[in-house]
Amino acid sequence: MRANLWAQRQVSDDGQSSERRTRKSDAEMREWVRANKVAEQASILREMRDRVAKVVSISGDGSAGPRLGLSLPARQMVLCSYVGKQYAAAAGLATDATVENRELVDGLGLPKGTVGRCVKELRDVRLIQVMEEGRHVLPISNIERALKEIELGIQ
């Protein structure tokens, strides 16, 4: 164990420890992501906002679903919740963009089995990603794909 710690702290030829170089490169990566990817995500949300406003409703507690008066199949209703949750998180109404299966059952009034089937289908086509069991997220990069599917389901 001590030999392993010693190996991790050995100084390289340029005088920096590998641990210090790793921390520096991690910090540089975080900075690059903040500078490049965060702005990109905000621009995707900005670009899609008019389309989203036509199909998604977000409440003050951060929950989301289909806009009132829309008649949608269950899968598209579930997608509305995922899309809306991204906007709720961006607005600070939700702590993050993850959606729990229980939240879908309670918020949409769909049976647990229907929600489970829809979530599995959306996972299988890689529209949503698993965060942990029973919690999923729609990546911002998939919002346009999700909106296309929702718009096709409008009756």
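Values quoted throughout were computed directly from the atomic coordinates according to the rules given, and no laboratory measurement underlies them. No experiment lies behind these values; they were computed from the predicted model shown. Neighbour counts run over all protein chains shown; Cβ positions are idealised from the backbone, glycine included.
Using a cut-off of 9 Å between beta-carbons, work out the net charge of the residues near V55 (Lys and Arg +1, Asp and Glu -1, V55 not included). Before the final figure, lay out each step's value.
Values: positive: R51, K54, R67; negative: E151.
Taking every other residue near V55 into account, the sum is +2.
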Query raised in the report: For segment 18-153, what is the relative contact order in percent, using Cα pairs closer than 8 Å and at least 6 residues apart in sequence?
Result: 23
Report task. Kindly rank 72-85, 134-147 from highest to lowest mean number of other beta carbons found within 10 Å of each residue. Result -> 72-85, 134-147
Query raised in the report: In whole angstrom, how far apart do the alpha carbon centroids of segment 94-132 and segment 51-71 sit?
Result: 16
**Report entry** Rg(Cα) / (2.2 N^0.38 Å) computed for segment 18-153, rounded to two decimals
**Finding:** 1.15
